[in-house]
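Structure first, then comments.
The values are calculated or read from the model by the stated rules, or taken from the named source; none is laboratory data. Bear in mind that the values here come from a model prediction, so they are computed numbers and not experimental data. Cβ coordinates were reconstructed from backbone atoms using ideal geometry, including for glycine residues, and neighbour counts include every protein chain displayed.
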Amino acid sequence: MGFGTASKKVVPRVPLRHGEGNKDHLTSFGGLAALSLDALSSVAYGPEAIVLVLVAAGTSALRLTLPITLAIAGLLVVLVVSYCQVIAVHPDGGGAYAVGKKDLGATVSLLAAASLVVDYVLTVAVSLAAGAASLASAFPSLTHHMLAMCLIGLAVITAVNMGGIAESARALMLPMVVFISAIFGVIVAGLVRSHPAAIVGTAQPVHISEAIGAILILKAFAAGCSALTGIEAIANGVPTFREPRARRAQRTELMLGGLLGVMLIGLSVVIHREHVAPRGGVTVLAQLTAGSFGTGWAYYATNIAVTLVLALAANTSFGGLPVLMNLLAKDNRLPHLFGLRAERPVYRYGVVVLALLAAVLLVAVNAVTDRLIPLYAIGVFIGFTISQTGLVRHWYGTRSPRWILRAVLNGAGAVLTATAALVFVASKFTSGAWVVVLAVPALMLLFSRIQNYYRAVGVELDLGRFPDRPLPAKSLVIVPVGDISKLTEHALRAALSLGDEVIAVSVHPQAEQAAAFRNKWNQWNPDVRLDSLDSPHRSLVHPIVDYVRQAQQDNRQIAVLIPEVQPRRWRYRILQNQRGLLLATVLRASTDVVICTIPYRLTTR
């Protein structure tokens with residue numbers, strides 16, 4: 001259940017200089033690096049997703065890429081404005097989860113939480129897989145090593161985030177600036193040139209399988225909306241910003257929206273102008289890069305920058321999911337250990353669990369981006385829809401100035417994102433979307449069961465009510481001993497200071513050994529009673545456990561004090577007898593006595 005309260009030893013500290021207390025939190029620009037790379041880097045696969053859907057109707061259908069992108073940019077504006085509102089209304093973070101819990105009820109908040117967890121795990125996997133694919137476009141010899149590259153990148157990002165989100169932001173600023181500069185370079189050079197500088201990849205035959213119609217356009221719109229993933233991370237991670245947190249987070253959200261919108265439209269204009277179609281062995285962005293810069297050093301440098309940022313975009317999840325898991329732990333919907341953090345604002349259990357889940361997913365799909373994106377966007381757009389709908393409910397309840405305009409804006413956004421989610425589920429269900437359809441309810445059930453457990457434990461512990469006053473009781477301290485030494489003397493001295501009565505207990509397989517040990521004990525004469533236990537089967541743990549159970553029948557407060565040798569060097573610890581640890585584990589599982597361990601620290605080894 002975790003402790004109801006926690007206390008820390010007060011240690012005098014040198015007064016902090018101005019601004020020093022915020023050094024482990026994010027500035028607005030740092031937030032752009034730490035929490036927005038996922039959204040910014042999605043320009044590498046968002047426009048391509050539109051092209052891949054439209055080409056099913058032939059190359060002539062690719063002319064629709066630009067208008068569809070403009071529609072997506074319009075939705076981006078709505079979402080950015082909405083998440084700025086979410087930040088203002090919920091400055092403690094949580095995004096769609098916080099909105100759902102406050103305005104739409106417990107079930108919807110569970111749906112939001114489950115969707116966000118799926119989104120964050122898939123963000124890591126998609127980012128790393130897309131980065132590996134981009135690198136393989138420039139260096140085809142790496143095509144067969146994409147999974148290994150993904151896992152290595154995952155290990156590096158995890159290690160960086162274990163040091164804190166501010167540390168990760170500092171490490172990501174330069175790659176982010178290089179990436180944005182490279183994308184704008186591709187756009188400007190592509191628009192200035194009268195014809196492509198170079199063409200890469202191999203031509204692929206186009207098999208027309210669909211006609212241009214509303215369904216195709218909806219599918220292309222939904223696929224292109226994958227470029228909007230990640231814009232919710234800032235609203236989820238508001239607590240990681242410096243004060244004033246809400247204002248800094250809103251500023252970061254607006255910067256993200258402006259950069260992402262310009263890059264999406266710019267790349268789509270170049271695609272439309274150059275009639276870019278999918279080619280074998282390269283991404284659409286690699287084709288645009290070759291068309292703008294040729295296939296010289298700038299081409300390879302841009303592909304490496306894109307690869308690096310796509311891989312590092314996984315950092316968005318490491319900034320958002322641990323904070324969300326902390327909120328879920330506070331609401332008793334996840335184990336309380338996810339609410340623990342280091343001295344720096346790092347929820348390390350959340351970081352580790354995210355890394356493990358992403359690694360399993362990457363191995364399961366062999367780091368293939370196309371197998372991940374159908375799963376990826378569903379959770380994202382469920383979260384979008386919940387946050388938009390919750391804001392409509394919020395404005396209706398508060399009736400603040402211009403609430404009707406705000407409600408209409410959020411309502412339109414909710415309709416569009418819900419449509420995108422439904423199209424993804426319908427069109428990609430057999431391609432893997434069924435996994436998310438099963439995973440989200442399973443996570444909701446898990447959160448609910450954990451909450452029920454904590455609720456039942458709270459009832460049994462009478463949390464929120466005053467228990468009976470504690471009354472003093474006679475105490476007995478039992479000390480397992482195996483020999484007479486400084487370790488034994490150290491343990492008995494501590495036991496005599498703790499309890500009213502102290503009994504030393506020794507276990508012997510043969511009566512002769514028990515008699516010999518008692519003679520030595522009497523010669524030493526520590527003025528402590530010794531009880532000898534028989535153990536014909538040479539078990540040292542179970543006879544002591546049975547003895548403790550028998551002693552419990554006297555209605556005394558019993559403590560078992562287990563002495564252990566503590567070597568000075570950690571490498572020698574495995575050489576020590578581990579029976580004390582085993583005894584403590586068995587006692588904890590089968591009795592309700594107080595279990596104490598007292599170390600005897602060696603000075604030479």
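Which of the residues belonging to the range 553-602 are at pLDDT below 85, among the polar types (S, T, N, Q) and within 26 Å of SER475 (Cα to Cα)? Residues satisfying the conditions are GLN553, ASN555.
Determine whether LEU111 is assigned by TED's automatic domain parsing to the domain that holds PHE447, in contact with a Pro (Cβ under 9 Å, 6 or more places away or on another chain) and modelled with pLDDT under 85. Taking the combined requirement at face value, the residue does not satisfy it.
Residue pairs whose Cβ atoms lie under 9 Å apart, separated by 6 or more positions or on different chains, with the first residue in the range 265-279 and within 17 Å of GLY46 (Cβ to Cβ) and the second of a type in the set (Phe, Trp, Tyr) and in a helix (DSSP H, G or I), are GLY266/PHE184. In the range 270-295, of all residues being surrounded by fewer than 18 Cβ atoms within 10 Å (Cβ to Cβ) and under 19 Å from LEU142 (Cα atoms), the one that is farthest from the chain's Cα centre (by Cα) corresponds to THR295.
For every residue, the table says whether it meets (1) at pLDDT 85 or above; (2) surrounded by 23 or more Cβ atoms within 10 Å (Cβ to Cβ).
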residue: ARG341; (1), (2): no, no
residue: LEU354; (1), (2): yes, yes
residue: ALA358; (1), (2): yes, yes
residue: LEU362; (1), (2): yes, yes
residue: VAL368; (1), (2): no, no
residue: SER387; (1), (2): yes, yes
residue: HIS394; (1), (2): yes, no
residue: PRO401; (1), (2): no, no
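Based on what the data block shows, is SER497 part of a helix (DSSP H, G or I), of a type in the set (Gly, Ala, Ser) and without any contact (Cβ under 8 Å) to a residue 60 or more places away in the chain? Walk me through how you get there before you give the answer.
Working: part of a helix (DSSP H, G or I): yes; of a type in the set (Gly, Ala, Ser): yes; without any contact (Cβ under 8 Å) to a residue 60 or more places away in the chain: yes.
Yes.
Among the residues of the range 50-75, those identified as touching a Gly at 6+ places or on another chain (Cβ under 6 Å) and crowded, with 24+ Cβ neighbours inside 10 Å are ILE50, ILE72.
Looking only at residues in the range 140-150 that are hydrophobic (A, V, I, L, M, F, W, C) and touching a residue at least 12 places away in the same chain (Cβ under 8 Å), the one that is nearest to ALA364 (Cα to Cα) is LEU147. Residue pairs whose Cβ atoms lie under 6 Å apart, sitting 6 or more positions apart in sequence or on different chains, and linking a residue in the range 293-311 that is closer than 12 Å to ILE180 by Cα and in the same structural domain as ARG193 (by TED's automatic domain parsing) to a partner that is hydrophobic (A, V, I, L, M, F, W, C) and at pLDDT 85 or above, are THR302/ALA182; ALA305/VAL178; ALA305/PHE179; ALA305/ALA182; VAL309/PHE179. Listed by first and then second residue, the pairs with beta-carbon distance under 7 Å, at least 6 apart or on different chains, first residue in the range 536-556 and in contact (Cβ under 8 Å) with a residue 60 or more places away in the chain, second surrounded by fewer than 18 Cβ atoms within 10 Å (Cβ to Cβ) and among the hydroxyl-bearing types (Ser, Thr, Tyr), are VAL548/THR591; ARG556/SER475. Within the range 78-121, the set of residues being out of contact with any helix residue (DSSP H, G or I) (no Cβ under 6 Å at 6 or more places or on another chain), under 14 Å from MET444 (Cβ atoms) and not hydrophobic (A, V, I, L, M, F, W, C) comprises GLY105, THR107.
If ALA314 passes every condition in (1) under 29 Å from the mean Cα position of the chain (by Cα); (2) among the small types (Gly, Ala, Ser); (3) at pLDDT 85 or above but one, which one does it miss? It fails just one condition, (3).
Pick from THR419, THR488: which is polar (S, T, N, Q) and either surrounded by fewer than 19 Cβ atoms within 10 Å (Cβ to Cβ) or not in a helix (DSSP H, G or I) (or both)?
On the way: THR488 fails: either surrounded by fewer than 19 Cβ atoms within 10 Å (Cβ to Cβ) or not in a helix (DSSP H, G or I) (or both).
Residue meeting the stated conditions: THR419.
For the range 572-605, the set of residues classified as of a type in the set (Ser, Thr, Tyr) and either under 35 Å from the mean Cα position of the chain (by Cα) or assigned to a helix (DSSP H, G or I) (or both) consists of TYR572, THR585, SER590, THR597, listed by residue number. Residues of the range 502-518 that are acidic (Asp, Glu) and modelled with pLDDT of 90 or more: none at all.
Taken together, the residues in the range 112-149 that are surrounded by fewer than 22 Cβ atoms within 10 Å (Cβ to Cβ) and within 24 Å of the chain's Cα centre (by Cα) amount to 4. Whenever a residue of the range 520-535 is assigned to a loop (DSSP other than H, G, I, E, B), its partners that are buried (at least 17 other Cβ atoms within 10 Å of the Cβ), lying with C-beta atoms within less than 6 angstrom and at least six residues away or across chains, give the pairs PRO526/LEU492; VAL528/LEU492; VAL528/VAL502; VAL528/ALA504; SER535/VAL507; SER535/PRO543.
Checked against (1) of a type outside the set (Gly, Ala, Ser); (2) outside any strand (DSSP E or B); (3) surrounded by 12 or more Cβ atoms within 10 Å (Cβ to Cβ), GLU512 passes all but a single condition, namely (3). Within the range 40-85, how many residues turn out to be at pLDDT 90 or above and either in contact with a Lys or Arg (Cβ under 8 Å, 6 or more places away or on another chain) or of a type in the set (Ser, Thr, Tyr) (or both)? Selection size over the range 40-85: 2. Which condition from (1) within 16 Å of LYS486 (Cβ to Cβ); (2) of a type in the set (D, E, K, R); (3) in a helix (DSSP H, G or I) is the one that ARG568 breaks? Condition not satisfied by ARG568: (3). Candidates ALA277, ALA359: the one that is in a helix (DSSP H, G or I) and small (Gly, Ala, Ser) is ALA359.
Residues checked against (1) under 30 Å from TYR97 (Cβ atoms); (2) β-branched (Val, Ile, Thr); (3) over 21 Å from the mean Cα position of the chain (by Cα):
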| site | (1), (2), (3) |
| --- | --- |
| VAL186 | no, yes, yes |
| GLY190 | no, no, yes |
| GLN204 | no, no, yes |
| ARG251 | yes, no, yes |
| LEU256 | yes, no, yes |
